Ligand code: SF4
């Protein structure tokens with residue numbers, strides 16, 4: 001990170017401190033005009049942010065990544081969201097050739113066989129499309145909350161993502177699960193029915209499961225892998 005971008009990050013962090021999420025989003029949309037983008041997986045937090053953006057006409061582009069292995073319920077909530085806000089959320093898809101080559105070499109469910117193959121699958125289906133979505137953008141809005149992180153880990157609302165070379169803004173970082181649920185309910189926002197079955201971060205169907213009360217969020221994805229705290233943190237970040 002250069003001195004200039006660090007200075008800019010500190011300045012903007014100061015400018016948004018004390019603002020509510022909607023006003024902060026509006027300010028960031030102004031400062032990062034045309035370079036701000038929001039990644040949605042249609043989880044509860046994402047739906048809150050989508051509602052804030054649309055209801056307040058904040059010029060933030062919204063996109064999703066369709067890995068090709070998503071739950072059917074995600075497509076339902078995606079369609080309902082498009083209808084509610086009279087929009088068409090843009091999707092990025094894996095590159096066909098990369099996917100075909102990977103599946104021909106390793107089979108359709110190779111992610112269960114080794115961590116390496118799981119990471120390759122994630123790269124082809126998620127990371128490479130994300131990199132394409134982020135081209136020319138400098139601020140990524142996410143639905144990350146502190147409760148998603150392993151115990152003892154913290155992040156800033158506005159932080160530099162060295163891997164993707166963008167600033168990330170997590171407007172709901174300090175929201176509780178109850179706040180998110182109430183916002184969804186009070187504003188009649190469409191949500192993924194799987195949340196009613198203990199699902200939290202809902203992504204690809206073969207790699208996501210519901211969790212029991214008290215289980216960490218990281219238990220919801222790639223549960224068959226042994227993970228260190230760092231890997232758990234990285235796994236959570238990979239979802240945002
Ligand atoms: Fe592949 Fe599972 Fe990663 Fe989805 S979450 S991209 S299916 S390994």
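For the stretch 78-191, compute Rh as the Kirkwood radius over C-alpha pairs and then the Stokes-Einstein diffusion coefficient at 4 °C and 1.567 mPa s; write the answer in µm²/s, rounded to an integer.
76
Report the Rg/Rh value for the stretch 3-238, based on alpha-carbon coordinates and the Kirkwood definition of Rh.
Across the stretch 3-238, the Cα-based Rg/Rh ratio is 0.94.
Per DSSP H run of n ≥ 4, the term is -39500 (n - 2.57); total these for the chain, divide by its residue number, and report the mean residue ellipticity at 222 nm rounded to 500 deg cm²/dmol.
Value at 222 nm, helices only, nearest 500: -12000 deg cm²/dmol.
Going by how many other beta carbons lie within 10 Å of each one, how would you line up 224, 160, 78, fewest first? Working shown, then result.
Numbers: 224 9, 160 14, 78 20.
Listing 224, 160, 78 from fewest to most nearby Cβ atoms yields 224, 160, 78.
Would you order 113, 225 from fewest to most other beta-carbon atoms within 10 Å of each residue's own beta-carbon?
In order of increasing Cβ crowding within 10 Å: 113, 225.
Output the relative contact order of the chain, whole-number percent, from Cα pairs under 8 angstrom with separation of 6+ residues. Mind showing how you got there, number by number?
Working: 317 pairs, mean separation 55.0, N = 240.
Relative contact order here is 23 percent.
Exposure proxy check: 66, 109 ranked by fewest other beta carbons within 10 Å? If you can, show how the numbers build up before the last one.
Values: 66 15, 109 12.
Ordered from fewest to most neighbouring Cβ atoms within 10 Å, 66, 109 come out as 109, 66.
Expressed as a whole number of Å, what is the distance separating the alpha-carbon centroids of the stretch 132-180 and the stretch 1-50?
Measuring centre to centre over Cα atoms gives 10 Å.
Under a plain spin-label model, where a point goes 7 Å from the Cα along Cα-to-Cβ, how far apart in nm are residue 163 and residue 179?
Spacing of the two 7 Å Cα→Cβ label points: 2.6 nm.
Give the Debye-formula value of log10 I(q)/I(0) at each listed q (0.16, 0.17 Å⁻¹), with one equal scatterer per alpha carbon of the stretch 1-78, two decimals each.
Calculated log10 I(q)/I(0) at the listed q: -0.71, -0.77.
Report for the stretch 104-240 the percent antiparallel among DSSP-assigned beta bridges with both residues inside it, nearest 5. Numbers along the way, then the final one.
Working: 5 of 8 bridges.
Counting DSSP beta bridges with both partners in the stretch 104-240, the antiparallel share is about 60 percent.
Compute the acute angle (0 to 90°) between the alpha-carbon long axis of helix 96-106 and the principal axis of greatest extent of the alpha-carbon atoms of the chain; round to the nearest 10°.
So the inclination is approximately 40 degrees.
To check you understand DSSP bridge types, tell me what percent of the beta bridges within the chain (both residues inside) are antiparallel, rounded to 5.
About 35 percent, rounded to the nearest 5.
Could you state the angle between the C-alpha long axis of helix 72-84 and the longest principal axis of the C-alpha atoms of the chain, as a value from 0 to 90 degrees rounded to the nearest 10?
It is inclined by approximately 30 degrees.
Taken together, the values in this text are just the output of simple stated rules run on the coordinates, not laboratory data. As the structure is a computational prediction, the values presented were derived from the model and not from experiment. In this analysis, Cβ positions are derived from the backbone assuming ideal geometry, glycine residues included, and neighbour counts consider all displayed protein chains.
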